[in-house]
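The values are calculated or read from the model by the stated rules, or taken from the named source; none is laboratory data. What you see is a predicted model, and the numbers here were worked out from it, not measured in a lab. Here the Cβ is made from the backbone with ideal geometry for all residues, glycine too, and neighbour counts use every protein chain on show. Quick note on the areas: whole protein, heavy atoms, side chains included, nothing else; ligands and nucleic acids left out. Shrake-Rupley method; radii C 1.70, N 1.55, O 1.52, S 1.80 Å.
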2 protein chains.
Amino acid sequence: MSDHYTVTRTFLERLKQAVAPAQVLSKPAEMEAYAWDNTQLRYMPGAVVLAENRDQVVAALKTCNDAGMAVTPRCAGTGNVGGALAVQGGVVLSTQKMNRILEIVPEDRLARVEPGVINDSLQGALAPHGLFWPPNPSSAKSCAIGGNLAMCAAGPNAIRYGVTRDWVLGLEAVLADGTVIETGGWTTKNVVGYDLTRLLIGSEGTLAVITQAIVKLAPRPQARRMLRAFFSSVSQAAKAVSQLMAVGEPPSAIEFLDAACLDILRSENTVDVPDTAQALLLLEVSGNATMIDGMAEAVNQQIQALKPVEMAVAESDAEAEQIWSARHALSPALKKLSPKRINEDVVVPVSRLAALIDGVSALAKQSAIPIVCFGHAGNGNIHVNMLVDPADAAIMARAEKALEKLFDLVIRLNGSLSGEHGIGVQKKAFMSWEVGTDTLALQRRIKRLFDPLGIMNPGKIFPDT
Amino acid sequence: MSDHYTVTRTFLERLKQAVAPAQVLSKPAEMEAYAWDNTQLRYMPGAVVLAENRDQVVAALKTCNDAGMAVTPRCAGTGNVGGALAVQGGVVLSTQKMNRILEIVPEDRLARVEPGVINDSLQGALAPHGLFWPPNPSSAKSCAIGGNLAMCAAGPNAIRYGVTRDWVLGLEAVLADGTVIETGGWTTKNVVGYDLTRLLIGSEGTLAVITQAIVKLAPRPQARRMLRAFFSSVSQAAKAVSQLMAVGEPPSAIEFLDAACLDILRSENTVDVPDTAQALLLLEVSGNATMIDGMAEAVNQQIQALKPVEMAVAESDAEAEQIWSARHALSPALKKLSPKRINEDVVVPVSRLAALIDGVSALAKQSAIPIVCFGHAGNGNIHVNMLVDPADAAIMARAEKALEKLFDLVIRLNGSLSGEHGIGVQKKAFMSWEVGTDTLALQRRIKRLFDPLGIMNPGKIFPDT
C-alpha cells in the first residue's frame, strides 16, 4: 500500500474476506451517504464497512490496523463537527446496522443497546415502562446512541439530568488492534479500577469503537408545563436564568432566544413578539401531576419579579405547542436567510451569559456578519450562528476572524469551546486555547496508548502539529 | 538509596529542602496519625509531607520521582480499603492542610475547593446559599473532598443524585513527575477532548494528586419526610425496592437492614422491632414543601400494597430522628459484638438484591460466621459485615473462604466488588474476577503512562503479578 489512506484493490479484498463481502462497500454511489454529515462538508471514503455485529467490527479493525489503514468510526452521521467524516480517506466503519435494543430492565432502570439504535427509537421503546434516557439532542429523531456516546451529546434535558456521560453504566468497545474491552457494569455504583466508560464517552471515535452500551434510565415525569417570558434586555433574561439556577429545583429546560432571533420571528410572523422584547426565555417544568402547578407557579413568580415584557404559562398542550413553536420556527427561518450558518455551541458559566451575548452582539457589528444566538441557557450553552455565504471570500475571512474573537471571549469568561457538539475537525485548531499544553500532551499520549499506529479517526480533536 | 521504599537521611534532607523543612515529618511519634485509616491496618511511612499548597505538592512529587521513591497520597485518612496507607513504606503526601473553600458561586451552582476541605464543612458553608454537594458518605463529618474524589465516594444520596463523579466540573492535579494538569472546567457541559476529570476520580491516588476541584452543586430540598417499613421477608423488602425504582420519582434514600441487624436492634432494645420482621427499609423523600406530603404518600401506597409487617411515616422531626436511630444504633452495636468486622460494600442490580441477601444468609450458615447486611438498597449497594475475631485463625480462614464465595456470588449476579469504598489494598486480589484480562491490562498501561516509575500509591488497585 502506498499510504495509510488509499484503499487499494488488494486491501479491499482483504477487508471483504475478513468482514463479509456483502458488508463492504466501495462504489462511490453506494458510499455517497457515508461521505456527509451535518456540516455540509463532504469526504468520500475509500471503503465503507457496514458492521452487523461486534465480530465484524473486530475483523475490520484488525485488518485496518495490520495495514496501518485509517478508520473513521461512524453511526448515524448527524454530527456537527465532522467527527464521522473520513477527512483523510481510508475506511469508514459504520455501526449503524447494529441497531438492536437487547434488553430493557425496568426494575434496574437500565437498558442494553447496540450503538445503531436511534435515540428516539429507544425513547419509544422505554415509554411503555414509564422510563426514558435523558440525553435528548435536537437531532433525537435521527441521531444514534453510538454518536451520542462518541460525542457525549446532550440537549435541553441536560439542565436537570446532566449529559450522556451521566447516563451510561457500562460499555463494550473494540480497540484499534481488535482487542475487546468491557468497562463499567450493570450497577449504578461501581468504583472498581479506572473509569474507562467516561474516557471513551466523548472521545469521538479516536480511542475505540463502541459496540454495546448499558444505559441508565430515569422515570418519565408525569406532567410538564411550559412557560414563556419576553424581556426588554438580554441582561434581564440572563439574570432570570442565574436566579432560577441559584435557588430551588431547576426547571427541566431553559431555552434562550436573542434579539436577532426575535427579529426573525417577527419577520416570519408565526409568533407574536412584543415590540420592546429583546430576549425570550422558553421554560419547562416537569414532575408529578399533583405538583406541577406549584412548580410552574414558583418559576412564574421568580420571573415576574424581574418584570418581563410579557409572561405566559401554557394552560394546555396546544398552548405549550404554541410556545415551543418559537424555537421550532427558528431553524427553517435561518436556512432561508443565508446559504450557510457557522454553528458554534459554546458554553459559559450561567452568570456570564449576559457578557457572552453582549460580546457576540458587538462582534456582529464589528464584523458586519449577522449572528443569531439561541440555546440551552440553563447550562450556559449557547448556539452562536453566523449567517454567511461561502461563495463570498470577504465575508468568510471576516467570519474566521469573528470566530477567533468569539472563542477568545468564551475562554476569558471561563467557558468552553463546545458544550455538546464536540471538536471533530471543525474546532481542533482551537483546542490549545482551552486545554493547556501539558494537559493536551497527556491526552495525545493517551491517544497513542490506545491506538499506537494512529489509525482511529485521524485528523480529529487534536490540533495539527 | 537502597530501594524505592526506604527513606534515607540524604533523601529526607532533599525532601525537606524541596518542600519546606517544617512541612516534612519523620519522627515515628509525629507520623503515627498517618499510619492508620479505617481498616485497622497500620503501616508506618518513612516520611510524611504535609503540603500547604500546590507548589509543595509539585516539589514533593518531583523529589520523589527523581529518586523513584514511593508516594502514598492521603487526605483525611478515613478510607475503608487501605488506599491512604503506605503499605510499602516511602513517603505519605498529605493534602489535608490544603483545606480552603476558595469560592462559592451560587448563580453558577459551583464551588472551588482544595482537597483537604471536610465534606461536612463544605455542606455547612453551602447551606446559607440553599445549596449542597450531593456525595454524603457516612463519614461526612470527618472525610475530606480529596478522599471523596480519589475513591469516587457516595452515600445514601446516590440513589437520586449519583456519585462523586457526577458532581465535579473540573480538577487541578499534579502528575508523578510534577507536571500540573487542569481537567474539565467551570461549565456543566464540556466536550473538549478526553474526560480526564473522571479518569482521575476514583483512581485512588495512583495516577495523580488532586490539588483543587470545581464541584457542581445542587439545590437543597426544602423538605424531607422519613418512612419506615418492616417486612416479614427479605424478598418482600427487595421487591419494594425494585418497584420503587421502576416507576415514578425515586425516594432520596432507601436504606436496608437485614434480619441479623434486626436481631441486634432487638437485643439493644433501642428500637421497637416487630417479632415477625425479617427486614427493614428506611426511606426518605425530599422536595419542595408543598409537594412533600404527596411524595411521601405515593411511596407509602406503593409499599402498603406489598403488605409490610409495620409501616410508619414520620410526622415530625423527632419521629424522623427516631426512625433513623435504627440505622445509627447499628455501627456501635456491631463494634460491641465482635473485635473486628470485615466490611465489604458489594453492589448488585436492584433486581438481584433478594438473591444477594439470601446468598449471604446461606454463606453465614455454611461458614458459621455471623454476617450482618445493611446499606443503600436503592443502588443495590449492600455493606456485608462479617463479624470475626482476628485472633482466631480458624475463623479467619473460614472468613477468607466466605469472602471469596461472596465475591463469586456478586459477580454471578452482574454485580460489582465495590460500590463506594474502592479497591485499595484490600480487594486488589479480586480485581481480575470483575475486570477482564484485556481491560485490566489496558488499565495497567494507563497507570504506566501517568506514572512510568510506578511511584504513585504502589501496591494499590492492581493485583500483584
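State which residue is farthest from the chain's Cα centre (by Cα) when the search covers only the stretch A:107-125 and only residues that are within 14 Å of chain B (Cβ to nearest Cβ) and acidic (D, E). Step through it out loud before you land on a result.
First pass over the stretch A:107-125, keeping only residues within 14 Å of chain B (Cβ to nearest Cβ): A:107-112.
Retained after the next criterion (residues that are acidic (D, E)): A:107-108.
Numbers: A:E107: 29, A:D108: 27 Å.
Here the answer is A:E107.
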Quiz prompt | Residues of the stretch B:455-465 satisfying the condition of being free of Cβ contacts under 8 Å to residues at least 40 places away in the same chain and away from every other protein chain (no Cβ under 12 Å) | solution = B:D464, B:T465
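Please note which helices (runs of 4 or more DSSP H) are completely contained in the stretch A:341-449 and include at least 3 residues that are surrounded by fewer than 16 Cβ atoms within 10 Å (Cβ to Cβ) and more than 14 Å from chain B (Cβ to nearest Cβ). Full working, then the answer.
Numbers: elements: A:353-367, A:393-412, A:431-434.
Qualifying helices (runs of 4 or more DSSP H): A:353-367, A:393-412.
Residue under question is B:D120, and the condition is that it be in contact with a helix residue (DSSP H, G or I) (Cβ under 6 Å, 6 or more places away or on another chain) and among the acidic types (D, E); does it hold? Break it down into steps so the answer makes sense when it comes.
On the way: in contact with a helix residue (DSSP H, G or I) (Cβ under 6 Å, 6 or more places away or on another chain): no; among the acidic types (D, E): yes.
It is false that B:D120 is in contact with a helix residue (DSSP H, G or I) (Cβ under 6 Å, 6 or more places away or on another chain) and among the acidic types (D, E).
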Exercise. Tell me, please, whether a residue that is open to solvent by 20 Å² or more (accessible area, probe 1.4 Å) and under 26 Å from B:R160 (Cβ atoms) can be found in the stretch A:195-212.
Key: no
Practice problem: Would you check which residues across the stretch B:262-318 are hydroxyl-bearing (S, T, Y) and farther than 30 Å from A:V247 by Cα and list them? | Solution: B:S267, B:T270, B:T276
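State the number of residues belonging to the stretch B:97-115 that are touching a helix residue (DSSP H, G or I) at 6+ places or on another chain (Cβ under 9 Å) and either assigned to a strand (DSSP E or B) or buried (at least 19 other Cβ atoms within 10 Å of the Cβ) (or both). Quick ask: steps written out before the conclusion?
Pass one, the stretch B:97-115, residues touching a helix residue (DSSP H, G or I) at 6+ places or on another chain (Cβ under 9 Å): B:97-99, B:101, B:104-109, B:111, B:113-115.
Subsequent filtering for residues that are either assigned to a strand (DSSP E or B) or buried (at least 19 other Cβ atoms within 10 Å of the Cβ) (or both) retains B:98-99, B:101, B:104-109, B:111, B:113-115.
Selection size over the stretch B:97-115: 13.
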Practice problem: May I ask you to verify whether B:K189 is of a type in the set (K, R) and open to solvent by less than 10 Å² (accessible area, probe 1.4 Å)? | Solution: yes
Quiz item: Of all residues in the stretch A:247-301, which are closer than 30 Å to B:R220 by Cα, more than 29 Å from the chain's Cα centre (by Cα) and of a type in the set (D, E)?
Solution: A:D293, A:E297
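Can you report the number of residues in the stretch A:299-309 which are surrounded by 14 or more Cβ atoms within 10 Å (Cβ to Cβ) and part of a helix (DSSP H, G or I)?
4
Criterion first (polar (S, T, N, Q) and either open to solvent by 20 Å² or more (accessible area, probe 1.4 Å) or in a loop (DSSP other than H, G, I, E, B) (or both)) does B:T10 satisfy it?
On the way: polar (S, T, N, Q): yes; either open to solvent by 20 Å² or more (accessible area, probe 1.4 Å) or in a loop (DSSP other than H, G, I, E, B) (or both): yes.
Considered against the rule, which asks whether it is polar (S, T, N, Q) and either open to solvent by 20 Å² or more (accessible area, probe 1.4 Å) or in a loop (DSSP other than H, G, I, E, B) (or both), B:T10 comes out as yes.
If only one of A:A289, A:A312, A:A296 is within 14 Å of chain B (Cβ to nearest Cβ), touching a residue at least 24 places away in the same chain (Cβ under 8 Å), in contact with a strand residue (DSSP E or B) (Cβ under 6 Å, 6 or more places away or on another chain) and not in a loop (DSSP other than H, G, I, E, B), which one is it?
Numbers: A:A289 fails: not in a loop (DSSP other than H, G, I, E, B); A:A312 fails: within 14 Å of chain B (Cβ to nearest Cβ).
Selected residue: A:A296, the only one of A:A289, A:A312, A:A296 that is within 14 Å of chain B (Cβ to nearest Cβ), touching a residue at least 24 places away in the same chain (Cβ under 8 Å), in contact with a strand residue (DSSP E or B) (Cβ under 6 Å, 6 or more places away or on another chain) and not in a loop (DSSP other than H, G, I, E, B).
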